[in-house]
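Down below is the structure, laid out as C-alpha cells.
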Amino acid sequence: MTGLAVCALGFLFGLVIFTQLRRLPVHAAMREISELIYETCKTYLITQGKFLLVLEAFIGVIIVLYFGVLLRFEAVKVAIILAFSLIGIGGSYGVAWFGIRINTFANSRTAFARHEGTPFPLHAIPIKAGMSIGMLLISVELFLMLCILLFIPGDYAGPCFIGFAIGESLGAAALRIAGGFFTKIADIGSDLMKIVFRIK
C-alpha cells in the first residue's frame with residue numbers, strides 16, 4: 001500500500017507543476033494562439049481515440065483467437081486480458097492528452113519569458129513541463145501495475161499484465177508518433193508569435 005501512496009504523491013506532483021506553469025504570465029496573443037493549437041490537437045486526439053477503439057476491436061479478435069483458441073485459456077482469463085488492454089490504452093491515451101495540453105501552453109509561457117529577457121525561465125519552464133509529464137506517466141503506470149499485484153488473485157495477475165502491456169503499447173504506438181508532431185507545431189507557433197503579432 002505504501003507504493004500506491006508514493007504513486008499518488010507522484011501524480012499530485014505532476015498536477016502541481018501543471019498548475020504552476022499554467023499560472024505563469026503570458027501575452028494575450030500568445031495565449032490565444034496556444035489555445036488555438038490545443039484545439040487542433042484536441043481534434044486530433046478525439047480522432048485518434050476513435051481509431052484506437054477500432055484498432056482495439058481487431059486486436060481483441062486476435063487476443064481471443066490466440067489465448068482462447070490456441071492456448072485454450074479460460075473465458076474469464078481471456079476477458080480479463082481484453083479488459084486490461086482497454087485499461088492500458090486508456091492510461092496511454094490520458095497521459096498523451098495531458099502531455100499535449102501542458103506542452104501547448106508551456107511553449108507560449110517560454111516564448112513570453114524570452115521576450116521579457118529573463119534567461120532562467122527559458123530553461124525552467126520546459127524542464128518543469130517534462131518533469132510533470134514524466135512523473136504523471138510513471139505514477140499512472142506504476143499505480144495500475146501495483147493494483148494488479150495487490151488486488152488481483154495470483155493466477156489472474158499474468159493475464160492482467162499481458163492485456164495491460166498490449167493496450168499500453170498499442171496506445172503509445174498510435175499516439176506518441178503524431179503527438180510529437182503536434183507539440184512541435186506548438187513550439188514553432190510560439191516562436192513565430194513575435195513576428196506575426198509584432199510583440200516586443
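Answer yes or no as to whether Met193 is in a helix (DSSP H, G or I) and at pLDDT 85 or above. When the stated conditions are applied, Met193 does not pass them. The residue of segment 147-184 that is surrounded by the fewest Cβ atoms within 10 Å (Cβ to Cβ), among those that are β-branched (Val, Ile, Thr) and at pLDDT below 80, is Ile177. Output yes when any residue across segment 31-47 is under 14 Å from Thr110 (Cα atoms), outside any helix (DSSP H, G or I) and either hydrophobic (A, V, I, L, M, F, W, C) or in contact (Cβ under 8 Å) with a residue 60 or more places away in the chain (or both), and no when none is. So far as segment 31-47 goes, no, none of its residues is under 14 Å from Thr110 (Cα atoms), outside any helix (DSSP H, G or I) and either hydrophobic (A, V, I, L, M, F, W, C) or in contact (Cβ under 8 Å) with a residue 60 or more places away in the chain (or both).
The test for being more than 30 Å from Ala124 (Cα to Cα) and polar (S, T, N, Q) holds for Ser85.
Is it the case that some residue within segment 119-130 is within 12 Å of the chain's Cα centre (by Cα) and under 29 Å from Met1 (Cα atoms)? Scanning segment 119-130 turns up at least one residue that is within 12 Å of the chain's Cα centre (by Cα) and under 29 Å from Met1 (Cα atoms). Restricting to segment 16-48, and then to whatever is closer than 20 Å to Ser92 by Cβ and either in contact with a Phe, Trp or Tyr (Cβ under 9 Å, 6 or more places away or on another chain) or modelled with pLDDT of 85 or more (or both), can you tell me which residue is surrounded by the most Cβ atoms within 10 Å (Cβ to Cβ)? The residue in question is Cys41.
Checked against the criterion of being part of a helix (DSSP H, G or I), within 16 Å of the chain's Cα centre (by Cα) and buried (at least 17 other Cβ atoms within 10 Å of the Cβ), the candidates Ala111, Ala96 yield just one match: Ala96. Please enumerate the residues belonging to segment 62-93 that are more than 20 Å from Tyr156 (Cα to Cα) and surrounded by fewer than 19 Cβ atoms within 10 Å (Cβ to Cβ). Matches in segment 62-93: Gly90 only.
The values are calculated or read from the model by the stated rules, or taken from the named source; none is laboratory data. Being a predicted model, the structure only gives us computed values, none of them experimental. Every residue, glycine as well, gets a Cβ built from its backbone with ideal geometry; the counts of neighbours run over all protein chains shown.
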